[in-house]
Amino acid sequence: MSVEKMIEDLVVRNPELGAAKNDISRAFELLKNSYENKGKLLICGNGGSAADADHIVGELMKRFSIPRAIPEELKTKLENNFGEQGKYMASKLEGSLPAISLNGHNALSSAFANDVDAELIYAQQVVGYGNKEDVLMGISTSGNAKNVVASMIVAKAKGMKVLGLVGRDGGEFNKYCDVLINVGGDCTPQIQELHLPVYHVLCQTLEYHFFSETK
């Protein structure tokens, strides 16, 4: 199945996302280009959006819906240099699309919040993790989460691409995102319900592009 067909099927299942279809395709291209240039994805959000960030990492760092072979060079080194254990690991490990959820570093986040400024926790991590080839993805139902906006400002200053996933009118995210996927709506739970199929299809299309043998 082509990437285009996957996105079309998403809209058929979720007609509310019809207006966001082109931006979902643009987001796929943005992420594809990053990964093709050895970049990674940094993701942040608050509350339910933080849980979504963790969810996305889980889908990108291991198989989502199809098998993923590890790079042949790594497979060969494991098999040739580490005996039976290496062969076993080579048969079990899976290809990854590198992604980091910025809400998962409790010691760093609590220290920075206490010592410096809680609003800049995600921005500080972009300072440390972010490279020009990377993409920062911010998730917010309103698009006005101050700590996520701050991280976007740092990302732009570092020459990174910024992807937003929002609802309502997009809020402050409109100022900083290279691609903004706005699912619309005014109710936070309903916006979050639409965020999930959007990031699922992004994970599926990326997996298909990088790991499918029949693409």
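The values are calculated or read from the model by the stated rules, or taken from the named source; none is laboratory data. Treat the numbers as computed from the prediction; the structure is a model and nothing was measured. No Cβ is skipped: glycine too gets one built from the backbone with ideal geometry, and neighbour counts run over all protein chains shown. Only protein heavy atoms, including side chains, enter the accessible area calculation; ligands, DNA and RNA are left aside. Shrake-Rupley method; radii C 1.70, N 1.55, O 1.52, S 1.80 Å.
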Point to revise | With Cα atoms, 0 to 90° folded angle of helix 3-13 axis to the chain main axis | key: 50 degrees
Revision key, fill the gap. For segment 25-142 the mean separation of alpha carbon contacts under 8 Å (6+ apart) over residue count, i.e. relative contact order in percent, is 44 percent
Practice item. May I ask you to give the percent of accessible area on segment 153-214 that is carbon plus sulfur, with a probe radius of 1.4 Å? Key: 50 percent
**Study point:** Area of residue 88 that stays accessible when all protein chains are in place (1.4 Å probe, Å², to 10)
**Key:** 140 Å²
Practice item. Roll a 1.4 angstrom probe over the protein heavy atoms and tell me the percent of accessible area of segment 27-126 that is carbon or sulfur. Key: 54 percent
Exercise for review: Normalising by the residue count of segment 86-183, find the relative contact order in percent from Cα pairs under 8 Å and 6+ residues apart.
Suggested key: 22 percent
Revision key, fill the gap. So the angle from the long Cα axis of helix 72-81 to the longest Cα principal axis of the chain, reported in degrees to the nearest 10, equals 50 degrees
Practice item. Evaluate the charge dipole of segment 61-215 about its Cα centre and quote only its size in Debye, nearest 20, assuming +1 on the Cβ of each Lys and Arg and -1 on the Cβ of each Asp and Glu. Key: 240 debye
**Study point:** the chain, accessible area per residue, ligands and nucleic acids excluded (1.4 Å, Å²)
**Key:** 49 Å²
Study note, to complete from the structure: Taking every C-alpha to C-alpha distance in the chain and binning by 10 Å from 0, the per-bin percentages run 8, 33, 34, 18, 7, 1
Study note, to complete from the structure: Calculated from DSSP helices alone, with each H run of at least 4 adding -39500 (n - 2.57) and the total divided by the residues of the chain, [θ]222 nm to the nearest 500 comes to -16500 deg cm²/dmol
Check your understanding: Taking only Cα atoms, what is the 0 to 90° angle, nearest 10, from helix 188-211's long axis to the longest principal axis of the chain?
Key -> 30 degrees
**Study point:** For segment 35-57 and segment 145-206, distance of Cα centres in Å
**Key:** 11 Å
Study note, to complete from the structure: On each of the three principal axes the extent of the alpha-carbon atoms of segment 142-196, given in whole Å and largest first, is 34, 18, 16
